[in-house]
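Participant: Take a look at the following structure, please.
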Protein chains: 2
Amino acid sequence: MSESKGIAYSQGRYMPVDEATIPLLDPAFTKSDVVFDVVSAWDGAFFKLEDHLARFRRSCEYIRVKPPCSEDEMRRIMAECAVRSGFDNCCVYFLCTRGRYAGGAATGDPRESENEFIAYAVPYYWIVPNDRPNAGAHLWVAETIRRAPNEAINQRVKNFNRMDLTRAHFEALDNGADAPVLLSLDGYITEGPGFNVWILKDGKVLTPGENLLEGITRQSVFELCADAGLQAEAADLTKADLQDADEVFVSSTGGGVMAVTLINDKPIGNGAPGITTSKLSDNYWKKRSEGWDSTPFSDILEPEIPQAAGAD
Amino acid sequence: MSESKGIAYSQGRYMPVDEATIPLLDPAFTKSDVVFDVVSAWDGAFFKLEDHLARFRRSCEYIRVKPPCSEDEMRRIMAECAVRSGFDNCCVYFLCTRGRYAGGAATGDPRESENEFIAYAVPYYWIVPNDRPNAGAHLWVAETIRRAPNEAINQRVKNFNRMDLTRAHFEALDNGADAPVLLSLDGYITEGPGFNVWILKDGKVLTPGENLLEGITRQSVFELCADAGLQAEAADLTKADLQDADEVFVSSTGGGVMAVTLINDKPIGNGAPGITTSKLSDNYWKKRSEGWDSTPFSDILEPEIPQAAGAD
């Protein structure tokens, strides 16, 4: 299992991630009462760490949990997880759980809980296959399930309430596709599990804007498009818009910008990864190698000591 | 913590429930990819155990997990949890988790997972307060959140995707109420966390029928109404229907039939528990004491050995 190697931080100590657990009675499990975020690292440096921390802070505020440590401590714990894992390239998950409370999950008062901060590093991964010569991923717009609406499950908050995503994932796999994309209740494309979706149509780059997690990599793609002089904006998109696009790609912390070449068995364009997609992906990795919004582990773990005035 | 005492069964062995855990990387946690059910026991006997097992089977089929044990083994494990806990009166939770799979939760194939069966007993509890002299519970129809629709999260399947319920719970507690009730997206009453809602209006007993878990105790209330010659049926109900009802009550495995006397600060009827509610509640417990759909632990753990023909 690719996720079986890595180090976790839980209950104040570091351990192999396979040994880390959640109490069976923790509402983080029995009510999925937890928020999380995932930041990637490449060559020993986090990417857009502060953006991930800011989103995590908003997620915590929404469900009313408060990590029992400062953001400085979080940064250090997350860097420690990566370094102790021996990973230069990895994804670091970080969570805040509700934790248990007096009276128990069924009848107690969740406002009186002891929230916990957990983090763990896993090897870097690509959320959809990205290694097929001359071909991209096969996405499946789910027909048997819709994405839970923000009115019920606020999808701007990164959460583990994923029964809809999992059901769509089964449908995608059963149909020979790599990953699902879910429609909103009103029939517009939202997102897939762990990624946002994009199309290129008539020179314009478009991505859904409603009922989804606004990915940090999604924000990065807007930046990449601006760099390239491409017009990019949020838009309501249907399954037909995806299938009729000139190019389709996905964006994710797990892989950056990745080409999609099939939507529900229908080839996109000429069936090969698009030229604009490839340029955006190349530029994503080029900019990262140049230190784009980068925070080296070493800057967190061994901060430079400011030179005292007058010292010699 | 009332739930801190009890025995759990996990990974093939029995242990104090406080020591039972879920692996941090199990999709049962990171995707809430798990179904469950809860059966109550009183005086050493389960109530409607077969109905709970049948619903659990349907839940498992929906998310495509298969407990790695037979239903006979489940019955025995659940009775063992209760007996080893020393509980005559308790609730026994039983779960089937997705379990881990090759490739990890982010990129692996959930169809190739090793599903796990977990059970645990906790002391019997009342899902809303049921011990106030001349007063019932205060329910709060949530205004800031709606119940996730079946199109996204199938609520007929008993699941842990409860971010909507938890947010509503906070709203209820913040307003001094005991528990929330959630509206569907189209504005009709659905359910609260762990219970169904009922009204008595002009001699008729009504309960919502859409976008909710069809409780086993809900089914029991239909039986109790039939016994009492009361007309009972499913109906679309609004918050105003609750507030204008002659009586309001809830039904749950955790407490049976329980009076509600306030809805969003508005007293129901004369503000005291209703006469019909009290009769239904009394009859619920009377029938249970008489062995209604009852399965004693001892029948499961020490089945009577059929006498062999011709033995003397």
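No value in this document is a laboratory result; all are computed from the given coordinates. Not measured: the values here are computed from a predicted model. Don't worry about glycine lacking a Cβ; one is built from the backbone with ideal geometry, like all the others, and counts go over all protein chains shown.
Participant: Could you list B:Tyr125, A:Tyr120, A:Tyr14 in order of exposure, starting from the residue whose Cβ has the fewest other Cβ atoms within 10 Å?
Facilitator: Ranking B:Tyr125, A:Tyr120, A:Tyr14 by Cβ neighbours within 10 Å, fewest first, gives A:Tyr14, B:Tyr125, A:Tyr120.
Participant: Compute, for segment B:2-123, the length of the dipole vector about the Cα centre, with Cβ point charges of +1 (Lys, Arg) and -1 (Asp, Glu) only. Units Debye, rounded to 20.
Facilitator: 220
Participant: Looking at the square roots a ≥ b ≥ c of the eigenvalues of the Cα gyration tensor of segment B:82-206, which shape do they give, rounded for a/c under 1.5, prolate if a/b is larger than b/c, or oblate?
Facilitator: Because a/c hits 1.5 or more and a/b fails to exceed b/c, segment B:82-206 counts as oblate.
Participant: How much length would be gained if the chain were fully extended between B:Glu233 and B:Glu214, taking 0.36 nm per residue of separation minus their Cα-Cα distance, in nm to one decimal?
Facilitator: 5.6 nm
Participant: Alpha carbon centre of segment B:62-119 versus segment B:121-137: separation in Å?
Facilitator: Between the Cα centre of segment B:62-119 and that of segment B:121-137, the gap is 28 Å.
Participant: Once every DSSP H run of n ≥ 4 in chain A is given -39500 (n - 2.57) and the sum is divided by its residues, what mean residue ellipticity at 222 nm do you get, rounded to the nearest 500 deg cm²/dmol?
Facilitator: Helices in chain A give a 222 nm mean residue ellipticity of -8000 deg cm²/dmol.
Participant: Does segment A:8-101 come out rounded, prolate or oblate, given a ≥ b ≥ c as the square roots of the eigenvalues of its C-alpha gyration tensor, rounded meaning a/c under 1.5 and, failing that, prolate meaning a/b above b/c?
Facilitator: In terms of gyration-tensor shape, oblate.
Participant: Right, something else. If each label sits 7 angstrom from Cα along the C-beta direction, how far apart, in nm, is A:Arg111 from its counterparts in the other copies?
Facilitator: 4.8
Participant: I've got another one for you. Using Cα-Cα distances under 8 Å and only pairs 6 or more residues apart, what relative contact order does chain A have, in percent?
Facilitator: Contact order relative to length: 18 percent.
Participant: If you don't mind, another one. Measuring nothing but label to label, 7 Å from Cα along Cα→Cβ, what are B:Tyr62's distances to the other copies in nm, shortest first?
Facilitator: Sorted ascending, the copy-to-copy spacings read 2.4 nm.
Participant: Can you pull the Kirkwood radius for the protein assembly as shown, inverse mean 1/r over Cα pairs, to one decimal in Å?
Facilitator: This gives a value of 26.0 Å.
Participant: I've got another one for you. Given contacts defined as C-alpha pairs under 8 Å and at least six residues apart, what's the relative contact order of segment B:211-312, whole-number percent?
Facilitator: Here the relative contact order equals 21 percent.
Participant: Please quote Rg/Rh for segment A:209-312 to two decimal places, taking the Kirkwood radius as Rh and restricting both calculations to Cα atoms.
Facilitator: Ratio of gyration radius to Kirkwood radius for segment A:209-312: 1.18.
Participant: Right, here's the next one. Just A:Arg100, A:Arg75, A:Arg111 to compare: in a GNM of chain A, with alpha carbon springs under 10 Å, which one fluctuates most?
Facilitator: Its mean-square fluctuation being the largest, the pick is A:Arg111.
Participant: Can you list which of the GluC sites (Glu not before Pro) found in segment B:39-132 are DSSP loop residues with at most 16 other C-beta atoms within 10 Å?
Facilitator: Here the sparse-neighbourhood loop sites are B:Glu114.
Participant: Give me the percent of DSSP beta bridges within segment B:137-293 that run antiparallel, rounded to the nearest 5.
Facilitator: Expressed as a percentage, antiparallel bridges in segment B:137-293 total about 60.
Participant: Rank A:Ala41, A:Cys90, A:Gln243 by how far each Cα sits towards the positive end of the charge dipole of chain A (+1 on Lys, Arg Cβ; -1 on Asp, Glu Cβ) and give me just the farthest.
Facilitator: A:Gln243
Participant: Listed here are the pairs A:Lys5/B:Lys31; B:Lys204/B:Lys287; A:Lys279/B:Lys31; B:Lys66/B:Lys158; which of them are more than 24 Å apart at the Cα?
Facilitator: Listed pairs above 24 Å: A:Lys279/B:Lys31.
Participant: Put a point 7 Å out from Cα along the line to Cβ at A:Ala226; what are the distances to that point in the other copies, in nm, shortest first?
Facilitator: Copy-to-copy label distances for A:Ala226: 6.6 nm.
Participant: Over segment B:2-123, what relative contact order in percent results from Cα pairs under 8 Å that are six or more residues apart?
Facilitator: Relative contact order, segment B:2-123: 36 percent.
Participant: Between A:Glu304 and A:Asp202, 0.36 nm times their residue separation minus their Cα-Cα distance comes to what?
Facilitator: Once the chain is fully extended between A:Glu304 and A:Asp202, it gains 31.8 nm.
Participant: A follow-up question, please. How would you classify segment B:1-63 from its alpha-carbon gyration tensor, with a ≥ b ≥ c the square roots of the eigenvalues: rounded for a/c under 1.5, else prolate if a/b is greater than b/c, otherwise oblate?
Facilitator: Oblate, since a/c reaches 1.5 and b/c is not below a/b.
Participant: Here's something else I'd like to know. Put one equal scatterer on each alpha carbon of chain A, apply the Debye formula with no solvent term, and list log10 I(q)/I(0) at q = 0.15 1/Å to two decimals.
Facilitator: One equal scatterer on each Cα of chain A leads to -1.25.
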